[in-house]
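Bear in mind these aren't lab numbers, they're just calculated from the coordinates by the rules spelled out. These numbers were taken from a predicted model, which means no experiment stands behind them. Note that we place each Cβ from the backbone using ideal geometry, even for glycine, and neighbour counts take in every protein chain shown.
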Amino acid sequence: MSAFFRPAKPVVDLLVTLVLWTYFIFGYLVIFAPMFIGAFILARDRERTYQRLLHLFCRSFFRLMRWLMPQLVIDVAPEVRGSRSAVVVCNHLSYLDPLLMISVYERQKTIVKSEFFRVPIFGWILRSSGYIPAEAGGMQNGLMAERIERLGDFFTAGGNLFIFPEGTRSRDGRIGKLKWGAFKIADRFKAPIDVVFIEGSQHIFTPGKYLFNTCVANTIRIEWLGRVDRGDESTAAGLSDQVEAVTSLLEKKRTQSSPR
């Protein structure tokens, strides 16, 4: 960004942020909520239709973002887009990451904090879309257990379950300790584990900050790092090997990425 435009950057950051979050909230309520209501009445496969509507909404959000931030590039590897019937595990850098993954996959589910299921309208849509609440009792209790039990048909139909196994955003880009839930689900349903690396989302919407970073060249990359075999399935040793393999792939890619 040239020195001439630098003083205006905070103002542009604020305006772009207001436009994006206004669209995210009111576009969701005014444009997409009626579609969800219509699908509730008319759709034969309500869950699948709701997932597609969420996919279209997130795609529209990032289209608007790229229009408001012309120097932003979002580069998604073809292998990522082509993944089907898999547990997709990836690193986590920004609140944008779940929205990015929904924008990539038309048929998707993920695990969401249980408090979001109590938000009016939004919680109803999450439930109707088949999303899975992260409940305190773990995968054996309540709605979480019920939703996981139904994943077999979802995988058979080509759906992807994407999970951020670190459980929280990384503040420095380093890969945190991976939780085993994604690997247990993959083992239970004999689903492949696709490893995906997100790079650059933290530069657009940085943890701890409230404004989008505009007026500068930024690139978000979503890369496919490979598929991890289930190996010695249904044993603690086998799951541990998978966790180590995924951690190694993510950490290797992180160290190869150029620091900014």
**Complete:** The answer for the net charge of residues other than Tyr50 whose Cβ lies under 12 angstrom from its Cβ, with Lys and Arg +1 and Asp and Glu -1, is +3
**Prompt:** If you count, for each residue, the other Cβ atoms within 10 Å and average over each peptide, how do 82-92, 202-212 line up from highest to lowest?
**Reply:** 82-92, 202-212
**Item:** Order of Leu14, Leu249 under a 10 Å beta carbon neighbour criterion, fewest first
**Value:** Leu14, Leu249
**Message:** Using +1 at the C-beta of Lys and Arg and -1 at the C-beta of Asp and Glu, which of Ala157, Pro7, Trp124 has the Cα lying farthest in the positive direction of the dipole of the chain?
**Reply:** Pro7
**Prompt:** Quick one: putting +1 on the C-beta of Lys and Arg, -1 on the C-beta of Asp and Glu, what dipole do you get for region 141-260 around its Cα centre, in Debye to the nearest 20?
**Reply:** 520
**Complete:** Quick note on Phe183, Phe155, Phe32, Phe116, ordering by fewest other C-beta atoms within 10 Å, gives Phe116, Phe32, Phe155, Phe183
**Mean residue ellipticity (222 nm) of the chain, computed from DSSP H runs ≥ 4 via -39,500 (n - 2.57), nearest 500** = -13000 deg cm²/dmol
**Message:** Working only with C-alpha atoms, what are the Rg and Dmax values of the chain, expressed in angstrom?
**Reply:** 18.8, 61
**Asked** Ranking Thr219, Thr49 by Cβ neighbours within 10 Å, fewest first, what do you get?
**Response** Thr219, Thr49
**Request:** For region 143-172 and region 23-70, compute the distance between their C-alpha centroids and round to whole Å.
**Result:** 20
**Net dipole in debye of region 7-256 [+1 Lys, Arg Cβ; -1 Asp, Glu Cβ; about Cα centre; nearest 20]** = 520
**Request:** State which entries of Lys113/Lys209; Lys9/Lys179; Lys109/Lys177 exceed 29 angstrom in Cα-Cα distance in the structure shown.
**Result:** Lys9/Lys179
